[in-house]
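Scroll down for the structure; my scribbles are underneath it.
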Amino acid sequence: MSSTQLFRLMRKTGAGAFTQVCVAGLGTAGCRVVDRIGGSGVHGATFAALHTHRSVLDRCRVQTRIPLGEESVSGGGSGGSVELGRKALEKDIEMVRGLISDCQALILVAGLGGGTATGGLPVLLQAAKGAGVFTAVMLTMPFAFEGEGRQRIAEDGLRAIVPLADFVATVANDAVHGGDDKQIEKAMAYGLEGLAAGVCSLWQIVAMPSLLALDQGDLRALHLLSGTACQFAFGMATGSSRATDTLASLLEQFPDVKKRLRTGGGALACLCASRDLLLPEISDVLVPLQEGMADSGVFRAGVVLHESWRDRLFLAVFTAEMRRKVTPTVREASGSSRKPKAKRSNANRVAQEELKLEGATAPNQGRFGRTKATILDGEDLDIPTYIRRNLSLDQ
């Protein structure tokens with residue numbers, strides 16, 4: 001079962017959603033994901049595609065399509081320019097505000113490394129933040145073969161996005177390409193499946209009534225725990241052994257999940273299943289994950305049931321790194337053998353001796369370097385008055 005099929009099943013029971021949600025795809029990858037999962041006429045949700053490339057928008061089947069920066073890029077895309085992507089969003093920010101005006105939560109999906117999404121996401125998030133809308137962002141990072149330059153652009157964009165969103169999760173394209181023997185077209189499609197699965201997961205956490213509750217607060221808490229983007233992993237299966245197969249699917253696609261659980265600061269697992277789900281099946285999936293957590297880690301889990309599902313199980317796991325604690329230290333100069341100064345006590349203090357200022361040694365030389373003495377009416381004004389006039393000062 002693909003994540004597209006999963007979302008269609010979720011849409012069937014979407015009438016039970018209690019949060020008004022907008023799911024928006026920004027840029028080429030985001031538009032393809034939104035188009036992949038559909039969304040026309042879903043109760044309780046608005047699906048939208050936003051892009052600077054008009055031809056990509058024209059191929060989208062969602063009802064709400066917003067062309068960006070048509071005056072500056074003429075519908076031909078940003079050409080990988082982050083600056084053009086930012087300006088395009090700023091130019092059409094009023095249309096974006098109109099899109100989210102009646103939303104309680106905004107789920108954004110995009111691929112970083114290009115221009116439109118990398119440059120436009122911070123602008124879009126600022127608008128949502130100003131409107132008081134909860135924001136959850138699902139992102140893919142570039143394939144390794146796309147080069148260090150594109151990876152660097154993606155990482156810079158991620159650093160700008162994290163402080164503006166309530167929750168951010170990433171999945172590397174290399175982690176979900178489905179094997180080294182995949183053709184490029186299939187690898188790219190599988191990468192989109194990873195993004196679609198992430199959107200499905202966020203949808204069920206934010207909008208769907210759940211048996212074991214997870215909500216916006218859990219996403220926000222996980223985001224604050226690490227101070228950076230969370231990592232996303234997923235697994236799905238059907239059949240009599242669906243519980244163990246779902247967990248195996250997760251670990252096969254994302255073999256580093258065990259390490260992230262063991263060294264991470266927190267994890268959030270969301271299990272989505274049909275109403276015939278059994279308690280032992282929940283344990284078979286969630287207990288191994290919880291047991292793999294670090295002792296100091298925070299583990300939260302939720303279960304969402306769907307009326308129309310038949311024998312299906314889907315697991316989403318978001319893991320957060322442990323926030324680094326920085327201890328300030330005092331640096332000493334290289335090669336210095338200076339020891340800390342001992343604290344002086346009153347007993348060790350030496351009383352100051354009276355300072356005695358002597359008169360000028362030469363009539364034409366002042367007391368400040370080689371300047372001439374200041375003489376007025378026969379008096380050397382460089383000498384303090386109380387000395388010249390033999391005055392005593394009270395101690």
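The values are calculated or read from the model by the stated rules, or taken from the named source; none is laboratory data. Note that the structure is a prediction, hence the values are computed from the model and not measured. Because the Cβ atoms are built from the backbone with ideal geometry, glycine has one as well, and the counts that use them run over all protein chains shown.
Couple of notes before you dig in:
- Meets criteria (modelled with pLDDT under 90 and either farther than 25 Å from V206 by Cα or not assigned by TED's automatic domain parsing to the domain that holds S201 (or both)) for K325: yes
- Lone qualifier among L251, L247, L277 - being assigned to a loop (DSSP other than H, G, I, E, B) and over 22 Å from the mean Cα position of the chain (by Cα): L277
- Count of region 23-42 residues which are over 20 Å from L112 (Cα atoms) and at pLDDT 55 or above: 1
- Leading residue by the ranking (farthest from the chain's Cα centre (by Cα)) among those in region 100-142 that are within 14 Å of A154 (Cα to Cα) and of a type in the set (S, T, N, Q): T116
- Leading residue by the ranking (nearest to the chain's Cα centre (by Cα)) among those in region 63-98 that are touching a residue at least 24 places away in the same chain (Cβ under 8 Å) and at positive phi: G80
- None of L289, L261, L268, L305 is within 18 Å of L222 (Cα to Cα), part of a strand (DSSP E or B) and out of contact with any Cys (no Cβ under 6 Å at 6 or more places or on another chain) except L268.
- The condition of being surrounded by fewer than 14 Cβ atoms within 10 Å (Cβ to Cβ) and within 20 Å of L202 (Cα to Cα) holds for only one of E307, E291, that being E307.
- Among the residues making up region 84-121, a single one is of a type in the set (K, R) and closer than 15 Å to T135 by Cβ: R97.
- Test result for V82, of a type in the set (V, I, T) and under 22 Å from L158 (Cβ atoms): yes
Every residue, every condition in (1) farther than 17 Å from R86 by Cβ; (2) surrounded by fewer than 23 Cβ atoms within 10 Å (Cβ to Cβ), yes or no:
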| site | (1), (2) |
| --- | --- |
| Q126 | no, yes |
| A131 | yes, yes |
| A136 | yes, no |
| F145 | yes, yes |
| G149 | yes, yes |
| A160 | no, yes |
| E193 | yes, yes |
| W203 | yes, no |
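- Among the residues listed as A45, A49, the single one being of a type in the set (A, V, I, L, M) and modelled with pLDDT under 90: A45
- Screening the candidates S240, S283 for the property of being outside any helix (DSSP H, G or I), among the polar types (S, T, N, Q) and free of Cβ contacts under 8 Å to residues at least 12 places away in the same chain yields one hit, S240.
- Odd one out for A127, checked against (1) touching a strand residue (DSSP E or B) at 6+ places or on another chain (Cβ under 9 Å); (2) modelled with pLDDT of 90 or more; (3) more than 30 Å from L313 (Cβ to Cβ): (1)
- Test: residue in region 195-206 that is at pLDDT 80 or above and not in a helix (DSSP H, G or I): no
- Yes/no for D295 being modelled with pLDDT under 90 and among the acidic types (D, E): yes
- Residues of region 207-237 satisfying the condition of being over 16 Å from the mean Cα position of the chain (by Cα) and part of a helix (DSSP H, G or I): A207
- Per the conditions (1) surrounded by fewer than 19 Cβ atoms within 10 Å (Cβ to Cβ); (2) modelled with pLDDT of 80 or more; (3) under 30 Å from E307 (Cα atoms); (4) not aromatic (F, W, Y), the sole criterion not satisfied by S210 is (2).
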